[in-house]
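What follows is a set of notes on a single structure, which appears directly below.
The values are calculated or read from the model by the stated rules, or taken from the named source; none is laboratory data. Remember, predicted model here, so these are calculated numbers, not experimental data. Positions of Cβ are backbone-derived with ideal geometry, glycine not excepted, and every protein chain shown enters the neighbour counts.
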């Protein structure tokens, strides 16, 4: 990242104070969002989301596994983020590991709820095949291809779109088993169940620059933020997760204000994403014909 | 298993000397100095070039030529089974080295001393021939970055199954146990810059199979040239020329 001069910093900050950002947006506008689904044929579901110059790919793979002993009625979901060196030279080798870990944990927190699985955006009970014995393990892998700020929002959007595109094969238990035996299963090649994503939340990241906060920051704007709060909101307007990043402390009233701003913006973002996703899915369906 | 059926068609319906469908796109990564996406059938790779820029590690700096570095990674979801470790495994290290040596031979490094050129290649979908697709994508990305080169480097693979030389193997044909010849070629200078082969091949067939791969490389070079010309026309148009 090329450093910014003092003059440029003042320009960006002054612009935000007057509700005009460097690319002409207002403080609460998102960049144009493009969604493409079904781009990875060998995955159960996949999507590519582009927000301005930030581009991420998410893929969902489902494999049969054993549910954990603590939650025999729930499937398992694991989220991994990989920052590709293609996006930033600093991500080469192990350089992107820290950011990848931070993003993975933030996503898991927002989408998967607490350790008991309570309040998860993804309904884990729908992944169970045979209680206590067989469940679906979903592996959500995301790749950051181009990085221009606001990675968390883009990743959450890509995961939402990929889950909407996910088709889990129907499993018929062919032989019942007793005790510890694994039942025989027959994985259908023909019948698929579409994953239900109505409860999957979106993430809104509000970056504080000076005295105001902006949504969907570019990497220039992110480079001199004082702090950022990422809030995950679901369709009902409920908060599913919260992450604060950045060194500067925030007044509690500012945080409450940010939360209500995020709730308001989430409706717009959710409806925008939903229409983009259904358009992408329709396109994918047309192509198959 | 039959890889070429009696009618002369392969598993995916191609003829023995037919290459998979090619598709290229320039400028996919906005922040990179040059970038390209290259598809050969179901194999899809994205390459980004950063440079020439200041050398990060001064001990590697060279006073009379540019330092060329390359990293090859495969996405978690690129193969049929989920890959757990995207980078650092031996195969990735070897392919990074191969791509670096191939591109380094072709870049006019003496024109950019004390600088560094980074080539990053990411495999999004792997269906055989990833090495070749990466080299082709890297060539396009270097051209997009405006880095001076002796010639375009193109690469293609070929094999020999059911007593037939086959061009551009996909994953199934590659894992069949037959030979897999990868060739890197400079079309204008008419020189082979990379040659790798595994498994066994009768000596009198080697020339044939290698020549087939070279023909594949020439076809790819024609396509790459077309793509670059089209891209330049677009740039001209956008500049209002």
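Restricting to the range A:52-68, name every residue that is buried (at least 24 other Cβ atoms within 10 Å of the Cβ) and more than 10 Å from chain B (Cβ to nearest Cβ).
Residue satisfying the conditions is A:56 alone.
Would you mind stating whether residue B:228 is over 26 Å from residue B:79 (Cβ atoms) and free of Cβ contacts under 8 Å to residues at least 40 places away in the same chain?
Criteria not met by residue B:228.
Mind listing just one residue for me: the one in the range A:245-267 that is exposed (fewer than 15 other Cβ atoms within 10 Å of the Cβ) and within 22 Å of the chain's Cα centre (by Cα) and, of those, nearest to residue A:208 (Cα to Cα)?
That would be A:246.
When the range A:96-117 is examined, which residues are found to be modelled with pLDDT under 85 and not in a helix (DSSP H, G or I)?
Listed by number, the residues that qualify are A:113, A:114, A:115, A:116, A:117.
Of the residues B:169, B:241, which single one is assigned to a loop (DSSP other than H, G, I, E, B), free of Cβ contacts under 8 Å to residues at least 60 places away in the same chain, in contact with a strand residue (DSSP E or B) (Cβ under 7 Å, 6 or more places away or on another chain) and over 18 Å from residue B:100 (Cα atoms)?
B:169
It is to be established whether one or more residues within the range B:91-103 are within 20 Å of the chain's Cα centre (by Cα), part of a loop (DSSP other than H, G, I, E, B) and under 30 Å from residue A:45 (Cα atoms). Explain how you work it out, then say what you get.
So the first thing to find is which residues in the range B:91-103 are within 20 Å of the chain's Cα centre (by Cα), and the list is B:91-103.
When the remaining residues are screened for being part of a loop (DSSP other than H, G, I, E, B), the result is none.
No, every residue in the range B:91-103 fails to be within 20 Å of the chain's Cα centre (by Cα), part of a loop (DSSP other than H, G, I, E, B) and under 30 Å from residue A:45 (Cα atoms).
Look at residue B:166 and say whether it is under 19 Å from the mean Cα position of the chain (by Cα) and surrounded by fewer than 18 Cβ atoms within 10 Å (Cβ to Cβ). Steps first, answer last, please.
On the way: under 19 Å from the mean Cα position of the chain (by Cα): yes; surrounded by fewer than 18 Cβ atoms within 10 Å (Cβ to Cβ): no.
Here the answer is no, as residue B:166 does not meet what is asked.
The conditions are (1) part of a helix (DSSP H, G or I); (2) farther than 20 Å from residue B:16 by Cβ; (3) in contact with a strand residue (DSSP E or B) (Cβ under 9 Å, 6 or more places away or on another chain), and residue B:195 fails exactly one of them. Which is it?
Evaluating residue B:195 over (1) part of a helix (DSSP H, G or I); (2) farther than 20 Å from residue B:16 by Cβ; (3) in contact with a strand residue (DSSP E or B) (Cβ under 9 Å, 6 or more places away or on another chain) leaves (1) as the failure.
With the structure loaded, tell me whether residue B:98 is more than 13 Å from every other protein chain (Cβ to nearest Cβ) and farther than 18 Å from residue A:95 by Cα or whether it fails that test. I'd like the intermediate steps shown before the answer.
Numbers: more than 13 Å from every other protein chain (Cβ to nearest Cβ): yes; farther than 18 Å from residue A:95 by Cα: yes.
Here the answer is yes, as residue B:98 does meet what is asked.
Just the residues that are in contact with a helix residue (DSSP H, G or I) (Cβ under 8 Å, 6 or more places away or on another chain) and closer than 30 Å to residue B:176 by Cα, please, taken from the range B:102-131.
B:102, B:103, B:120, B:121, B:123, B:126, B:127, B:128, B:129, B:130, B:131
Kindly list the number of the only condition in (1) within 22 Å of residue B:100 (Cα to Cα); (2) assigned to a loop (DSSP other than H, G, I, E, B) that fails for residue B:218.
(2)
Of the residues A:288, A:220, A:281, A:276, only one is out of contact with any strand residue (DSSP E or B) (no Cβ under 8 Å at 6 or more places or on another chain) and either within 20 Å of residue A:35 (Cβ to Cβ) or modelled with pLDDT of 90 or more (or both); which? Explain how you work it out, then say what you get.
Working: A:220 fails: either within 20 Å of residue A:35 (Cβ to Cβ) or modelled with pLDDT of 90 or more (or both); A:281 fails: out of contact with any strand residue (DSSP E or B) (no Cβ under 8 Å at 6 or more places or on another chain); A:276 fails: out of contact with any strand residue (DSSP E or B) (no Cβ under 8 Å at 6 or more places or on another chain).
Of A:288, A:220, A:281, A:276, the one residue that is out of contact with any strand residue (DSSP E or B) (no Cβ under 8 Å at 6 or more places or on another chain) and either within 20 Å of residue A:35 (Cβ to Cβ) or modelled with pLDDT of 90 or more (or both) is A:288.
Say whether the condition of being assigned to a strand (DSSP E or B) and farther than 22 Å from residue B:1 by Cβ is met by at least one residue in the range B:155-162.
The answer is yes, given that some residue of the range B:155-162 is assigned to a strand (DSSP E or B) and farther than 22 Å from residue B:1 by Cβ.
If I ask for residues that are in a loop (DSSP other than H, G, I, E, B) and within 13 Å of chain A (Cβ to nearest Cβ), which ones from the range B:51-67 would you list?
Within the range B:51-67, B:55, B:56, B:57 qualify.
So how many residues does the range B:2-45 have that are over 15 Å from the mean Cα position of the chain (by Cα) and either in a strand (DSSP E or B) or on the phi > 0 side of the Ramachandran plot (or both)?
The qualifying residues number 6.
Out of A:189, A:196, report the one residue that is surrounded by fewer than 16 Cβ atoms within 10 Å (Cβ to Cβ), assigned to a loop (DSSP other than H, G, I, E, B) and at pLDDT below 90.
None of the others qualify; the one that does is A:196.
Pull up the range B:22-50, narrow it to residues that are more than 14 Å from chain A (Cβ to nearest Cβ) and over 17 Å from residue A:145 (Cα atoms), then point me to the one that is surrounded by the fewest Cβ atoms within 10 Å (Cβ to Cβ).
B:22
For the range B:184-193, which positions are surrounded by 19 or more Cβ atoms within 10 Å (Cβ to Cβ) and either out of contact with any helix residue (DSSP H, G or I) (no Cβ under 7 Å at 6 or more places or on another chain) or closer than 19 Å to residue B:91 by Cβ (or both)?
B:184
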